[in-house]
1. Which of the residues spanning the stretch 402-416 are surrounded by fewer than 20 Cβ atoms within 10 Å (Cβ to Cβ) and not in a loop (DSSP other than H, G, I, E, B)?
2. Among the numbered criteria (1) in contact with a strand residue (DSSP E or B) (Cβ under 8 Å, 6 or more places away or on another chain); (2) not in a helix (DSSP H, G or I), which single criterion is violated by residue 447?
3. If you go through the stretch 315-344 one residue at a time, how many are under 18 Å from residue 403 (Cβ atoms), part of a loop (DSSP other than H, G, I, E, B) and in contact with a helix residue (DSSP H, G or I) (Cβ under 7 Å, 6 or more places away or on another chain)?
4. Looking at the structure I just gave you, is residue 361 closer than 21 Å to residue 437 by Cβ and open to solvent by less than 20 Å² (accessible area, probe 1.4 Å)?
5. Check whether at least one residue in the stretch 491-512 is open to solvent by 50 Å² or more (accessible area, probe 1.4 Å), under 18 Å from residue 305 (Cα atoms), touching a Pro at 6+ places or on another chain (Cβ under 8 Å) and in a helix (DSSP H, G or I), and report yes or no.
6. Among residues belonging to the stretch 152-165 that are part of a loop (DSSP other than H, G, I, E, B) and either open to solvent by 70 Å² or more (accessible area, probe 1.4 Å) or acidic (Asp, Glu) (or both), point out the one that is farthest from residue 216 (Cα to Cα).
7. Can you list residue pairs whose Cβ atoms sit under 7 Å apart, with the first residue in the stretch 108-136 being under 22 Å from residue 83 (Cα atoms) and the second being in a loop (DSSP other than H, G, I, E, B)? Count only pairs 6 or more apart in sequence or on different chains.
Amino acid sequence: MAAPLVHAQLAWMAHPQELADALSKVSTSLWALQWHSMRRLMGLPSPDPLKPNADDSRFADPVWADSPTWDLVKEWYLVLTHHMQDMLYDTPGLSQKERRRAAFWWRNGLNAVSPSNFLWTNPVAMKMAIETRGESLVRGFRNFLDDVAAGNIRMTDPEDFKVGENLATTPGKVVFRNQLLEVLHYTPTAPKVHQTPIVIVTPWINKFYILDLNPKKSMIRYLLEQGFDVFITSWKNPGAEMRDVRFDDYLTDGIQRLIDTARGLSGAAKVHAVGYCIGGTALTSYMAWANRHFTQEEMPVAHWSLFTTLVDFHKPGDIEVFVDEGSIRFLTQNMERKGYLDGAEMASSFRLLRSNSLIWHYVVHGWLYGETPPPFDVLYWNMDTTRMPYAMHAWYLRELYLKNKLIVKDALTIAGEPIDLGAISQPVYAVSAEDDHIAPWRQTFKAMNYVAGPKRFVVSSSGHILGIVNPPVNPPKRSFWVGQARRSDSADDWRSGLQEQMGSWWEDWMAWLKPQSGDLVDAPPVASDAYPALADAPGTYVLER
């Protein structure tokens with residue numbers, strides 16, 4: 001945290017000419033701000049010299065513009081913070097990565113001291129306290145104590161949700177369990193299903209039910225209604241006893257067991273495999289491994305889909321600020337002591353990437369305004385964190401994020417096979433999200449430059465979660481761009497020839513997948529003698545804390 005800020009200060013001190021030019025720009029802005037301040041204090045109209053960004057809701061209340069006093073508080077804060085940020089991004093003598101790291105940590109500090117975050121500098125909070133005769137402050141203090149007890153700034157009330165009751169309610173059975181995962185097989189809703197079952201490799205960061213939040217949002221339920229036989233991973237939440245579990249194990253004891261179970265229960269020779277986020281990275285690795293491990297006739301995956309998946313980690317999005325030798329060494333040493341990376345630590349890192357909307361928004365509304373967090377299933381899922389095994393995560397951070405070896409032919413050997421993405425010849429349907437800050441769509445597109453099979457790529461509106469959890473609705477809420485991708489395409493060249501389409505990409509996915517998924521056959525039983533029902537969906541691993 002400290003190193004990039006110190007490096008930025010030393011860089012500016014070593015470049016006095018550039019520093020003088022930057023301070024000259026600051027001086028010009030301050031003169032304009034002084035003139036604006038004088039006119040507002042005299043009661044004269046004056047347009048704000050700097051307006052908040054469109055996604056900055058901290059100063060949305062009219063009082064921040066209508067009152068000269070609060071307008072000036074807001075404007076001085078915005079002008080000074082924007083100049084500090086601009087100077088960090090323009091720091092001479094530093095790499096772009098180092099500039100972004102310095103700006104990230106400084107931005108979080110500036111966000112923390114925003115006038116909207118404190119009672120005596122937030123006119124909305126003071127007005128609410130007066131109007132409620134202090135009741136808003138009493139409620140806010142209770143919320144503060146509840147957050148302290150929870151060890152977290154809550155984004156929603158955990159008491160509003162219970163997995164298996166109002167989340168993850170699609171009927172099914174656990175039909176396989178080992179030390180790493182449970183395989184859930186969902187009860188078909190139609191007498192006939194497509195011959196090729198769908199297996200879904202979910203991320204082991206957080207839990208699988210993001211794809212089965214409620215009946216209206218559930219991708220699982222949608223696939224069942226479309227006539228598919230669906231299996232999904234529910235990963236065990238690891239403790240210290242799983243410290244030595246490797247990435248190889250997630251492929252051989254995880255993905256391979258999922259596929260074997262689906263083939264065994266359905267009787268199908270091949271499956272359609274889906275991977276989401278880190279589950280997609282694992283699935284990509286598995287596809288390269290399987291194309292080396294099996295003959296083409298024995299290959300158990302006919303075609304596959306990727307959701308918001310990175311395989312080239314050169315520019316992995318905002319999370320890049322945590323990816324350097326020192327940070328990974330610190331994390332690895334911490335994991336080695338405990339045997340795992342705690343899910344709360346990872347959740348905190350992701351929240352820092354959007355601290356205004358994911359931290360300070362809830363501080364202001366919960367502690368200063370005394371509002372109860374509204375029930376929101378996606379935020380509950382986001383708070384339902386999981387741990388990462390030491391051996392797997394240390395390898396993943398170093399070999400993929402730091403060294404970016406997955407895209408280099410035969411640079412990695414996983415489960416005894418050298419990994420070459422160019423060996424993947426099966427058709428792929430890949431989906432990314434336009435506003436995704438965890439897996440930026442231009443970076444996820446690079447997977448299309450490495451795999452060899454036919455490729456259809458989609459960019460959905462919205463972000464990492466809502467770009468995927470995107471059921472068809474009328475009228476449509478979102479839009480998407482879709483088209484065939486070639487290995488030689490760049491992301492922007494691919495998109496330049498496409499028209500935006502309103503609606504959900506789910507329907508386009510079905511139009512692509514159904515013709516490749518075989519005839520309709522009798523739906524298989526949800527369990528069998530070879531794969532008996534071990535528990536009702538959503539299973540037991542998903543309930544582990």
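1. Scanning the stretch 402-416 gives 402, 413.
2. (2)
3. 3
4. Numbers: closer than 21 Å to residue 437 by Cβ: yes; open to solvent by less than 20 Å² (accessible area, probe 1.4 Å): no.
The answer is no for residue 361.
5. yes
6. Restricting attention to the stretch 152-165, the residues satisfying the condition of being part of a loop (DSSP other than H, G, I, E, B) are 152-157, 161-162, 164-165.
Going one step further and asking which of them are either open to solvent by 70 Å² or more (accessible area, probe 1.4 Å) or acidic (Asp, Glu) (or both), we end up with 157, 162, 165.
Working: 157: 21, 162: 17, 165: 15 Å.
Selected residue: 157.
7. 114/58; 115/122; 116/58; 116/59; 116/122
A quick yes/no check of all residues on (1) more than 30 Å from residue 222 (Cβ to Cβ); (2) of a type in the set (Asp, Glu):
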| residue | (1), (2) |
| --- | --- |
| 384 | no, yes |
| 392 | yes, no |
| 424 | no, no |
| 446 | no, no |
| 456 | no, no |
| 463 | no, no |
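The values are calculated or read from the model by the stated rules, or taken from the named source; none is laboratory data. Predicted model only: the values in this text are computed from it and were never measured. Reconstructed Cβ throughout: ideal geometry from the backbone, glycine too, with neighbour counts over all protein chains shown. All accessible areas refer to the heavy atoms of the entire protein, side chains included, with ligands and DNA or RNA removed. Shrake-Rupley method; radii C 1.70, N 1.55, O 1.52, S 1.80 Å.
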